[in-house]
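Inspection log for the structure reproduced underneath, given as structure tokens.
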Amino acid sequence: MEYETNNWIWDGMYNHPHVFGGLMLTAALLGLSTSYFGGITVPQLPYLWPDSGIFHKKKCEKKRIRVYMDGCFDLMHYGHANALRQAKGLGDELVVGVVSDEEIIANKGPPVLSMEERLVLVSGLKWVDEVIPKAPYEITEQFMSRLFNEHKIDYIIHGDDPCLLPDGTDAYALAKKAGRYKQIKRTEGVSSTDIVGRILSSLRDTNGGEDQNKTSMFKTPESRPKSAHLSQFLPTSRRIVQFSNGKGPGPNARVVYIDGAFDLFHAGHVEILKNARQLGDFLLVGIHNDETVSEHRGHHPIMHLHERSLSVLGCRYVDEVIIGAPWEVTMDMVTTFNISLVVHGTVSEYNSLFPGESDPYSVPKSMGIFKLLESPKNITTTSVSQRIIANHDAYMKRNAKKAESEKKYYAQKTYVSGD
């Protein structure tokens, strides 16, 4: 018979002290009786006890820690993705609550993206295990009880930036009081407020106070005013590694390639990436640099190259990215990355080529490895931006309020350890 430990007697003393004591007392009495009456032999206990199985260590599976984090996740960006990545690191399973449209309007102002779009974005992140739609903005007693009992949540997570209700109270006060709250480090350099500010600033600088509904709201890098919003993101190699899968394709993998700007990463991007991934074993995504986007789209991207790269890397359907991919898919690219199929969506910011411009997919088309994918959603970066432009006054008011609170946060900011 095989034993799970050589120290099973000591394990038995530790795990079953009452049983062990009783057996020892019985052994003592038997020992006394045999010495008194003589001639009666008692089997040695070590050969008797193992068969009972009472001292074997119990094989207990370690309890999986479930953590919860909520948010509006409006204009989903790499800061959201990094927050959820950190939250997942505090447990084994991450459950994410997506705040309802009504709660966002009541506490922050009108959302840019619909609930359905925000659910697609959150569900598409590689660190998310479950999603709770229409979550409340405030962690109430009733909702906290539901989290603990129904969803078996162990800890509630939020960033180090304060989340205040309209009356000035802490939205996570009850979770903190219950001792079930954990904090993560806010990602530097980006917020939904900042992104809306970039769009509004580009509109203001371009139009100079003219018609706010004009779609040509962006300027090229050469003509962009210095007053425009600039990204404060400080990219590091560590952040890219944290988002990366760290694995290449297998020797016989079917590599699918798709490229684009992936600016203002939205639900349309997630859905087309999901469909592309289903066509092979490994999805390689080429992300054009800022200059290429500006040249072919006619305006500078809202998010710069590294920001866009992290947003794409955070998507669960993406295996690898080419940061600063060339505009044209060349034979050398196909050979170097062992590309089996090149795909492109029917809905894109630049489906139409400029006069005299060569087809960037001429090589894969000539090889018979090009496929045009029907885009599941009719969403583009421009269409998302136009939602903000159409509600210019509402978002200006919302941003003024949020910008003030963010200014206060950065003025009081202290170092917080974390990833």
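Numbers for the structure displayed
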| quantity | calculated |
| --- | --- |
| Count - residues of the range 92-111 that are open to solvent by 20 Å² or more (accessible area, probe 1.4 Å) and closer than 19 Å to Thr187 by Cα | 0 |
| Single residue of Val312, Val293, Val347 found to be open to solvent by less than 40 Å² (accessible area, probe 1.4 Å) and in contact (Cβ under 8 Å) with a residue 40 or more places away in the chain | Val312 |
| Single condition Lys274 does not satisfy, out of (1) outside any loop (DSSP other than H, G, I, E, B); (2) open to solvent by 30 Å² or more (accessible area, probe 1.4 Å); (3) touching a Lys or Arg at 6+ places or on another chain (Cβ under 8 Å) | (3) |
| Residue match in the range 121-133 (condition: of a type outside the set (D, E, K, R), open to solvent by 30 Å² or more (accessible area, probe 1.4 Å) and either in contact with a Phe, Trp or Tyr (Cβ under 7 Å, 6 or more places away or on another chain) or closer than 15 Å to Asp101 by Cα (or both)) | yes |
| Residues of the range 146-157 that turn out to be within 15 Å of Gly179 (Cβ to Cβ), open to solvent by 10 Å² or more (accessible area, probe 1.4 Å) and not aromatic (Phe, Trp, Tyr), as a count | 1 |
| Strands (runs of 3 or more DSSP E) completely within the range 50-165 that count 2 or more residues being aliphatic (A, V, I, L, M), modelled with pLDDT of 95 or more and closer than 22 Å to Ile379 by Cα | 93-99 |
| Single condition Tyr172 does not satisfy, out of (1) open to solvent by less than 50 Å² (accessible area, probe 1.4 Å); (2) modelled with pLDDT under 95; (3) closer than 27 Å to Thr236 by Cβ | (3) |
| Subset tally (residues that are assigned to a helix (DSSP H, G or I) and not basic (Lys, Arg)) for the range 171-200 | 11 |
| The listed residue being on the phi > 0 side of the Ramachandran plot, at pLDDT below 95 and open to solvent by less than 70 Å² (accessible area, probe 1.4 Å), out of Gly179, Gly250, Gly189, Gly260 | Gly189 |
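Per-residue answers, yes or no, for (1) assigned to a helix (DSSP H, G or I); (2) loosely packed, with under 13 Cβ neighbours inside 10 Å; (3) touching a strand residue (DSSP E or B) at 6+ places or on another chain (Cβ under 6 Å):
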position: Gly356; (1), (2), (3): no, yes, no
position: Pro360; (1), (2), (3): no, no, no
position: Pro364; (1), (2), (3): yes, no, yes
position: Lys371; (1), (2), (3): no, no, yes
position: Pro376; (1), (2), (3): no, no, no
position: Ile379; (1), (2), (3): no, no, no
position: Ile388; (1), (2), (3): yes, no, no
position: Asp393; (1), (2), (3): yes, yes, no
position: Met396; (1), (2), (3): yes, no, no
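The values are calculated or read from the model by the stated rules, or taken from the named source; none is laboratory data. Just so we're clear, the structure is a prediction, and the values are computed from it rather than from any experiment. Glycine also receives a Cβ, built like all others from the backbone with ideal geometry; neighbour counts cover every protein chain displayed. Note: areas computed on protein heavy atoms with side chains; ligands, DNA, RNA excluded. Shrake-Rupley method; radii C 1.70, N 1.55, O 1.52, S 1.80 Å.
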